[in-house]
Each structure stands twice: as C-alpha cells, then as structure tokens.
1. In the chain, which helices (entire DSSP H runs) extend 20 Å or more along their own long axis, judged by Cα positions, while averaging at least -1.0 on the Kyte-Doolittle scale?
2. Taking only the C-alpha atoms, wrap a convex hull around the chain and report its volume per residue in Å³ as a whole number.
3. Lys pairs in the chain, Cα-Cα under 26 Å, at least 8 apart or on separate chains: how many?
4. How large, in percent, is the carbon and sulfur part of the accessible surface of region 92-182 at a probe radius of 1.4 Å?
5. Just to be sure I understand the model, the point goes 7 Å from the Cα along the line to the Cβ. What's the resulting D18 to L114 distance in nm?
6. Want the number for D129 to L88: 0.36 nm per residue separation, take away the alpha-carbon distance, what's left?
Amino acid sequence: MALRRFLALERKLDKQPDLMEQYSQFFREYEQLGHMREIVEAPNKDPGSVFYLPHHCVLRPSSTATKLRVVFDGSAKTSTGVSINDALMTGPTVQNDLTAILLRFRGFQYVFTLDIPKMFRQVIVHPEDTKYQRIFWRYNRNDQLTVQELLTVTYGLGPFPFQVTMALKQAANDYQDEFPRAAEVELLSKLQTTPPRRQ
C-alpha cells in the first residue's frame with residue numbers, strides 16, 4: 001500500500017517540478033538534521049515486524065516558515081484493514097486546556113509566547129521502534145528506490161501529541177536544578193488553572 005501510494009505520488013510530482021523540488025528539500029533537511037536514515041533491508045519472514053508509512057504533502061502558501069509540510073499517514077489501512085494508528089496507544093491529554101491558557105493571559109499586563117522549531121522532531125524514537133516508521137523515497141525517478149527510517153516522533157501518528165508534551169514536561173523535571181526558572185514556568189503551568197490577581 002505504501003509503495004503503491006509512493007509511486008502514484010511520484011507520478012504527480014513528475015508533472016509539478018516546483019512541488020517536487022519543495023518535497024525533495026523537505027527530505028534533504030530531514031537527512032541533514034539526522035531525522036531519518038537509509039537502511040538496507042534484509043529478507044524478512046515476519047511481515048508484521050516492520051511498517052511502511054505512506055506520505056503526502058500539505059501546502060500552506062500563507063506560511064512564512066514552511067510552505068510545504070510532508071505528512072505521514074498513520075491512518076492508512078493496510079491489507080489487513082488495520083492502520084498503525086489503530087494499533088498504537090495514543091496516551092492521555094497532558095497539555096493544558098486551551099481555555100485555561102487563554103484565561104491566564106488576562107491576569108498579566110504583559111505576556112509572550114514562543115514556538116519550539118520542529119518540536120516533534122526534537123524527540124528521538126527508541127531505536128527498536130524506528131522500524132515501524134519506514135518510508136519509500138528517492139529524489140529522482142532514475143535513482144534506486146530507497147527505504148528510510150524516520151528516527152524522531154512522526155507527525156501523523158496518533159501518539160505524537162502525548163509523546164512531545166510528555167518529553168517537554170520530563171525535560172523540565174530532569175533539568176530543574178540546572179534551569180530553575182524554566183522548570184518553574186512548567187510547574188506553574190501545571191498548578192495554575194486560573195490567572196493570579198494583579199499586584
């Protein structure tokens with residue numbers, strides 16, 4: 001299924017060179033940052049021991065940072081009628097309620113927000129589990145088709161919001177002696193469900 005979808009995607013990209021270049025650039029960056037690696041597959045007698053993710057792109061012309069994002073389709077059904085998302089545990093919601101966050105903004109005269117670049121891809125997946133995040137890819141139709149393993153938390157898989165939020169909370173806990181003020185912000189975000197009164 002993943003191979004069939006990749007070949008269909010490749011035919012589509014052949015007709016849109018600009019889109020192909022953006023798609024290729026996305027994966028070049030993935031490689032350069034060490035977020036995926038090419039593997040040489042050995043004969044496998046257990047087909048359920050690895051998984052191949054189909055992928056496609058989402059265009060966001062209004063974005064100033066990333067106009068194209070590749071999405072990995074963890075909800076795609078295999079020949080068994082089951083997707084990898086069907087088999088994965090998503091985990092509970094651990095991030096704060098959006099309403100509570102917005103209400104807290106009203107308790108301060110000044111506030112600021114920040115963005116963690118490529119937040120999902122800052123969290124490494126255990127090496128034993130990267131075999132469930134394989135994809136097909138090549139930069140040119142004349143190249144040999146390669147199998148790549150995605151090494152970080154992958155956008156499109158059900159558990160990714162839980163994984164990255166828990167990693168952030170765990171980092172605050174692990175490094176609170178080294179970065180006490182950052183850890184304090186994380187602690188306050190857990191305890192404070194209503195904004196404080198202005199002094």
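1. On the way: long enough: 17-32 (22 Å, -1.42); 160-174 (21 Å, 0.05).
Once both thresholds are applied, what remains is 160-174.
2. In the chain, the Cα hull volume divided by residue count equals 162 Å³.
3. Eligible lysine pairs with Cα atoms under 26 Å apart amount to 11.
4. Numbers: 3490 of 6250 Å².
The value for region 92-182 is 56 percent carbon and sulfur by accessible area.
5. Placing both labels 7 Å along Cα→Cβ, they lie 3.6 nm apart.
6. Numbers: separation 41, 0.36 × 41 = 14.76 nm, distance 1.18 nm.
The D129-L88 span can extend by a further 13.6 nm.
The values are calculated or read from the model by the stated rules, or taken from the named source; none is laboratory data. Treat the numbers as computed from the prediction; the structure is a model and nothing was measured. With ideal geometry, Cβ positions are generated from the backbone for all residues, glycine too; neighbour counts draw on all protein chains shown. Side chains are part of the model used for accessible areas, which takes the heavy atoms of the whole protein and leaves out ligands, DNA and RNA. Shrake-Rupley method; radii C 1.70, N 1.55, O 1.52, S 1.80 Å.
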